[in-house]
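Written below as structure tokens is the structure these notes are about.
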Amino acid sequence: MVETKLEFRKIELSDKPWIESLLKKSDFRGSEYCFGNNFIWANAYSSRIGRYRDFYLQFNEEAKHFAFPAGEGGLAEVVGVMMDYAAEHGFPFVMHLSHAANREKLEALMPGRFEFEERRDYFDYLYTAESLITLKGKKLHSKRNFINRFIQKEWSVEPVTAENIGECEAFNQFWCVQNDCCRDESKREEMCAARKALANFDALELHGCILKQEGRTVAYSIGERINSDTEIVHIEKADAEVPGAYPMINREYAAMFAADCAYVNREEDLGVEGLRKAKLSYNPVMFTERYRVTLR
């Protein structure tokens, strides 16, 4: 066993430049390979970060698992160092891996060393930006119908700015009451992430838009560019009692921020039946596959 010299700590805003420089080397589309996402969800997922040579490492301190490293260099070496770290600290090696291509790469470099368990609930959904903007085709007919209902009333959409970001914060309070956040831990965590995103909006270089109907905020959405060809949506909230609010904010966000992208990542469904049905209804073009990796 070699000395690993790995150190893991909480993520900070000051980490953004070096983390993003390493993420660009991999150019992954998975939501865990995004500084903004890592930062706003760090508390909910007990996330810790580290660096080994030119690899960005993520570690869940509570669940004791790693993410597949992002960066460049000797993959077998860095995975070996991660395995040594787990052994030194007395827990089994577990790594969460995104992208089937990374599974193939790992198997080729270290054949026969690992078991791979597919984690369907954590697959990210990816759509073509064009399909979300145009909503063309029979499969998206119902989305167009909802939007047609929405635009029968006066409406507007505007980018999130320093002047109106407080409207997003106020809408969070409304959404929490409407969705009974006090009784649902996952929704409370989601609201914490949303508040963190809004509080650090400029520093994280996020962008977003606010949708209004008859002058009242009925939805907002926030995200960023995750890699060279993909936009990612971090936060999307809408008034469930306003017909068409969700399809409308989905379309308007894509039109405003993803028109020059190939894809939009709308993240996973976590195995929630209604959420899975809603995400599938938009006709995803691909998934970011996820696997739980353990030693044989």
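Tabulated data
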quantity: ³J(HN,Hα), Karplus 6.51/-1.76/1.60, whole Hz, each residue of region 98-109, x for Gly, Pro; calculated: 10, 6, 4, 4, 6, 4, 4, 5, 5, 5, 5, 6
quantity: Full-stretch length increase - Arg53, Ala255 - with 0.36 nm per residue and alpha-carbon distance subtracted; calculated: 68.9 nm
quantity: With every protein chain in place, region 40-189: carbon and sulfur % of accessible area (1.4 Å); calculated: 49 percent
quantity: Surface accessible to a 1.4 Å probe, per residue, for the residues of the chain, Å²; calculated: 48 Å²
quantity: Residues Arg149 and Glu77, FRET efficiency given R0 of 51 Å [Cβ-Cβ distance, rounded to 0.05]; calculated: 0.35
quantity: Solution diffusion estimate, µm²/s, Stokes-Einstein, region 211-277, Kirkwood Rh from C-alpha pairs, 25 °C, viscosity 0.890 mPa s; calculated: 191 µm²/s
quantity: Table column - 3J(HN,Hα) (Hz), region 131-138, Karplus curve with 6.51, -1.76, 1.60, x for Gly and Pro; calculated: 5, 6, 7, 8, 6, 6, x, 4
quantity: In Hz, Karplus ³J(HN,Hα) per residue of region 70-84 (6.51, -1.76, 1.60; θ = phi - 60°; x = Gly, Pro); calculated: 10, x, 8, x, x, 5, 4, 5, 5, 5, x, 5, 5, 5, 5
quantity: Net charge contributed by nearby residues that have their C-beta within less than 12 Å of Ala129 (K/R +1, D/E -1); calculated: -1
quantity: Extension gain, Thr134 back to Glu158 (0.36 nm per residue minus Cα-Cα distance, nm); calculated: 6.7 nm
quantity: Paramagnetic reach from Arg188 in region 226-240 [backbone N under 18 Å; point 7 Å along Cα→Cβ]; calculated: none
quantity: Alpha-carbon centroids, region 107-150 and region 48-67: separation in whole Å; calculated: 26 Å
quantity: Dimensionless Rg ratio for region 245-292, taking C-alpha atoms and the 2.2 N^0.38 Å reference; calculated: 1.27
quantity: Cα long-axis angle, helix 141-150 against the chain (0 to 90 degrees, to the nearest 10); calculated: 50 degrees
quantity: Cα centre as origin, Lys/Arg/Asp/Glu Cβ charges: the chain dipole, Debye; calculated: 740 debye
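The values are calculated or read from the model by the stated rules, or taken from the named source; none is laboratory data. Computed from a predicted model, the values in this text were never measured in an experiment. Every residue, glycine among them, receives a Cβ derived from its backbone with ideal geometry; neighbour counts consider all protein chains shown. Protein only, heavy atoms only, side chains kept; ligands, DNA and RNA dropped before computing areas. Shrake-Rupley method; radii C 1.70, N 1.55, O 1.52, S 1.80 Å.
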